[in-house]
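Trainee: Pasting in a structure now, in structure tokens, and then I'll have a few things to ask.
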Amino acid sequence: MADQTNLYRPSADTQSSNEIKDRKVVSGDGGEPHQVGDGPVLTTSQGAPVADNQNTLRAGARGPALMEDFHFREKIFHFDHERIPERVVHARGYGAHGYFEATEDLSDLTSAHLFQEKGRRVPAFVRFSTVAGNKGSVDLARDVRGFAVKLYTEEGNWDIVGNNIPVFFIQDAMKFPDLIHSVKEAPDRAFPQAQSAHDNFWDFISLMPESMHMVMWAMSDRAIPRSFRFMEGFGVHTFRFVNAAGKSQFVKFHWKPKQGLQSVIWDEAVKINGADPDFHRRDLWNAIQNGDFPEWELGVQVFDDAFADSFPFDVLDATKLIPEEDVPVRIVGRLVLDRVVDNFFAETEQVAFCTQNIVPGVDFTNDPLLQGRNFSYLDTQIKRLGGPNFTHIPINAPKCPFHHFQQDGHMAMHNPKGRANYEPNSWSEGGPRADPDRGHKSFPEQIDGEKRKVRGELFADHYSQARQFYNSQTKIEQDHIANAIVFELSKVEAPQIRERLVAHLPNIDKDLAKAVADGLGLKSVPKAHKPARTPVDGLKTSDALSILKNGPDSFAGRKMGLLLSDGIDDGLLDAMTKAVKDAGGMVEVIAPKIGGIVTAGGKEVPAQQKIDGGPSVLYDAVVILVSSDGAKVLSKMHAAKTFAADAFAHGKFIGVGGAGAELLKAAGVDSPDGGVIALDKNTDAKDFVTTCAKVRFWDRLA
Ligand code: HDE
């Protein structure tokens with residue numbers, strides 16, 4: 001019987017810390033100098049101590065290398081095999097550990113062990129990702145974000161493999177390879193990377209009316225989140241909860257960030273990708289390392305067959321959502337991320353999410369996308385991780401007892417013990433047996449149908465919810481959607497593709513169609529495609545769909561950039577630093593030199609960024625606190641002027657202390673508005689930080 005106590009654990013020798021330790025450097029056997037120290041002895045993978053890690057074994061100092069050097073051969077062979085195939089989608093991702101706690105007893109709805117009692121906690125691992133880009137691509141591509149959660153429950157691993165958008169581009173898994181081929185680099189030229197702004201993607205999309213709802217989301221600021229911490233997650237599909245009595249209800253899963261929703265704007269995204277391609281992963285790492293643990297609430301929308309039958313759309317259609325106003329989201333748990341990984345590859349890269357990993361009390365529905373995924377995820381892990389034993393890798397292994405008769409295969413690490421590896425058997429140590437009471441039972445849904453390649457009738461409505469989403473946005477958000485479509489289609493070379501896409505938009509909103517047509521320089525809005533099914537009229541708008549209506553209520557978790565020069569007032573600097581920290585935010589000092597600045601009072605303040613490495617796009621709000629000499633120096637520096645000009649152009653709140661106004665002027669900000677706030681006295685700092693909770697001075701961008 002397989003046993004979970006047998007997991008391979010390498011010794012943890014090194015810790016992530018910034019501490020520097022000067023080790024003694026000595027010369028090798030007449031060769032390169034090398035370090036000795038009081039740490040463990042370097043060994044081969046077989047555990048043999050290594051004497052020299054600088055020189056291969058040679059016949060003579062200038063002679064040929066010898067094959068006999070087993071240490072050299074092992075080191076190089078292992079290096080040669082370091083890479084595994086990256087994920088075919090969601091290749092770029094970042095993970096963290098934490099826990100999930102049930103805040104409600106849901107035993108009336110589900111027999112899931114986790115929900116049998118309020119307060120039950122299980123370990124969790126979450127991996128966030130972009131979809132289209134390769135592993136080394138930028139974090140702020142316009143893209144959907146993966147939000148994959150593994151809950152290590154006492155009755156097995158439960159994976160909720162979701163996204164930050166509650167609907168999907170396609171309705172049937174059959175179309176997934178086409179969708180992904182179209183968005184990834186074109187096969188003949190191998191570009192563009194991590195972008196949807198190209199002909200192939202829009203060619204496919206414009207021929208797939210079912211994608212229109214998701215396109216509205218993907219063109220909204222949801223696709224350029226400020227941070228993983230400030231985005232929602234969704235299970236997307238309709239699942240089932242099944243209780244101990246066998247009663248089933250439908251359920252949709254939502255993750256709601258306690259931090260509030262926040263996105264960047266497109267011009268920021270473009271610049272952040274240059275300034276810090278790791279913006280999102282760095283953000284998550286820093287927050288967790290600073291003890292500012294991000295938290296999400298788990299919400300469920302639970303509904304029965306009667307609701308499903310009365311809903312104007314098919315609840316099995318993943319291109320549709322159920323508005324929160326129709327079925328409220330009930331908060332039933334909390335997810336907290338409180339630990340970064342020890343090793344990126346071992347954990348984040350090797351974690352294998354599978355939609356088919358569910359636990360008793362949870363079940364699938366016949367959503368054709370979900371059913372297809374249940375095949376794909378297992379299949380892809382076998383390829384990616386090299387065999388069926390990927391469940392033996394610690395990050396994937398259950399943390400509850402597990403016993404089965406699966407055996408052998410590459411890298412088998414806990415094969416069944418003893419003689420019995422089959423069942424039934426009559427050996428006294430005969431191993432595990434199925435338990436009809438505890439085991440997972442599929443909901444015995446009555447199925448009756450013709451075997452055909454078809455979809456449900458209601459799947460054919462492709463525009464109603466796209467319109468509902470668009471109408472639920474604030475004016476600013478609607479403008480961003482129009483601008484994003486114009487941007488993307490302006491990168492499309494074939495005019496026919498541009499027009500074919502625009503011809504969908506009048507079915508969503510006439511003003512949107514007109515704005516996009518104008519933005520593209522079309523003479524008129526093309527004739528609308530005929531909808532396959534008459535759209536549903538009069539759908540109510542839903543505030544839950546807007547980011548701006550669900551923004552933060554404090555500066556907690558946000559980052560203030562302080563642009564400083566020598567000779568500034570100590571009091572204001574201290575007051576600002578304190579105000580940001582008191583609000584739960586972070587400060588980063590940007591200065592002309594990385595060595596930092598010296599205040600008027602003679603205090604040395606180290607910088608985290610030299611001005612050209614710390615543009616204002618990296619911060620949620622900025623303060624320009626400079627002396628008049630400092631303002632003169634900075635006003636001649638392009639990076640400093642861009643810092644100020646961009647902060648203004650991006651609608652940021654700008655605190656101005658000392659001679660900061662001079663830099664703003666030099667940057668072309670001639671008419672400061674209500675979002676540019678003079679910091680005359682130390683007490684202004686607190687008010688400024690309170691104001692910054694609004695994230696942007698939206699009037700400037702309207
Ligand atoms: Fe995935 N998807 N997907 N997907 N997906 C993968 O599995 C697939 C879909 C999602 O951080 C792959 O391990 C098909 C919807 C996330 O490791 C692969 C279809 C949603 C992740 C795969 C979909 C997702 C993946 C690639 C259409 C949101 C990253 C590597 C039916 C509900 C998980 C891997 C991680 C990854 C297949 C559609 C979310 C190939 C066939 C809808 C978050 O198995």
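A short reminder: the numbers here are calculations on the coordinates, not readings from a lab. The structure displayed is predicted, hence computed values, not measured ones. Cβ sites come from the backbone with ideal geometry, for glycine too, and all protein chains shown count toward neighbours.
Trainee: Could you say which residue among 501, 512 is touching a residue at least 40 places away in the same chain (Cβ under 8 Å), over 26 Å from residue 322 (Cβ atoms) and in a helix (DSSP H, G or I)? I'd like the intermediate steps shown before the answer.
Mentor: Details: 512 fails: over 26 Å from residue 322 (Cβ atoms).
Checking each option against the conditions leaves just 501.
Trainee: May I pose another question? Of the conditions (1) closer than 26 Å to residue 225 by Cα; (2) in contact with a strand residue (DSSP E or B) (Cβ under 9 Å, 6 or more places away or on another chain), residue 658 satisfies every one except a single condition; which number is it?
Mentor: (1)
Trainee: Here's something else I'd like to know. Scan segment 565-613 for residues that are assigned to a helix (DSSP H, G or I) and surrounded by 14 or more Cβ atoms within 10 Å (Cβ to Cβ) and report the count.
Mentor: 14
Trainee: Also, I was wondering about something else. Restricting the search to segment 444-473, which residues are within 16 Å of residue 515 (Cα to Cα) and surrounded by fewer than 17 Cβ atoms within 10 Å (Cβ to Cβ)?
Mentor: 471 - this is the single residue of segment 444-473 that is within 16 Å of residue 515 (Cα to Cα) and surrounded by fewer than 17 Cβ atoms within 10 Å (Cβ to Cβ).
Trainee: So which strands (runs of 3 or more DSSP E) stay within segment 108-190 end to end and still have 1 or more residues that are under 14 Å from the mean Cα position of the chain (by Cα), of a type in the set (Lys, Arg) and within 16 Å of the ligand (Cβ to nearest atom)? Spell out the reasoning first.
Mentor: Values: elements: 121-130, 145-153, 156-163.
The strands (runs of 3 or more DSSP E) meeting that bar are 121-130, 145-153.
Trainee: Continuing with this model, one more query. Of the residues in segment 505-538, how many are under 19 Å from residue 459 (Cα atoms), surrounded by 15 or more Cβ atoms within 10 Å (Cβ to Cβ) and touching an Asp or Glu at 6+ places or on another chain (Cβ under 8 Å)?
Mentor: Residues meeting the conditions: 3.
Trainee: Would segment 365-381 turn up any residue that is outside any helix (DSSP H, G or I), more than 8 Å from the ligand (Cβ to nearest atom) and at positive phi?
Mentor: No.
To keep it simple, each residue is scored yes or no on (1) polar (S, T, N, Q); (2) under 30 Å from residue 198 (Cα atoms); (3) exposed (fewer than 14 other Cβ atoms within 10 Å of the Cβ).
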| position | (1), (2), (3) |
| --- | --- |
| 82 | no, no, yes |
| 86 | no, yes, no |
| 104 | no, no, no |
| 107 | yes, no, no |
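Trainee: Quick one: in segment 307-364, which of the residues that are among the aliphatic types (A, V, I, L, M) and part of a strand (DSSP E or B) is surrounded by the fewest Cβ atoms within 10 Å (Cβ to Cβ)? I'd like the intermediate steps shown before the answer.
Mentor: Here is the first cut: in segment 307-364, the ones among the aliphatic types (A, V, I, L, M) are 308, 315-316, 318, 321-322, 327, 329, 331-332, 335-337, 340-341, 346, 351-352, 358-359, 362.
Going one step further and asking which of them are part of a strand (DSSP E or B), we end up with 331-332, 335-337, 340, 362.
On the way: 331: 14, 332: 22, 335: 23, 336: 17, 337: 23, 340: 20, 362: 22.
Ranking the candidates gives 331 first.
Trainee: Find the residue count for segment 34-77, including only residues that are basic (Lys, Arg) and either loosely packed, with under 12 Cβ neighbours inside 10 Å or part of a strand (DSSP E or B) (or both).
Mentor: Summing the residues that are basic (Lys, Arg) and either loosely packed, with under 12 Cβ neighbours inside 10 Å or part of a strand (DSSP E or B) (or both) in segment 34-77 gives 2.
Trainee: In contact with a Pro (Cβ under 6 Å, 6 or more places away or on another chain) and within 20 Å of residue 621 (Cβ to Cβ), is that true of residue 282?
Mentor: Answer is no for this residue.
For (1) more than 30 Å from residue 248 (Cα to Cα); (2) in contact with an Asp or Glu (Cβ under 9 Å, 6 or more places away or on another chain); (3) among the small types (Gly, Ala, Ser), each residue gets a yes or a no:
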residue: 375; (1), (2), (3): no, no, no
residue: 384; (1), (2), (3): yes, yes, no
residue: 404; (1), (2), (3): no, no, no
residue: 411; (1), (2), (3): yes, no, no
residue: 414; (1), (2), (3): yes, yes, no
residue: 422; (1), (2), (3): yes, no, no
residue: 426; (1), (2), (3): yes, no, yes
residue: 438; (1), (2), (3): no, yes, no
residue: 443; (1), (2), (3): no, yes, no
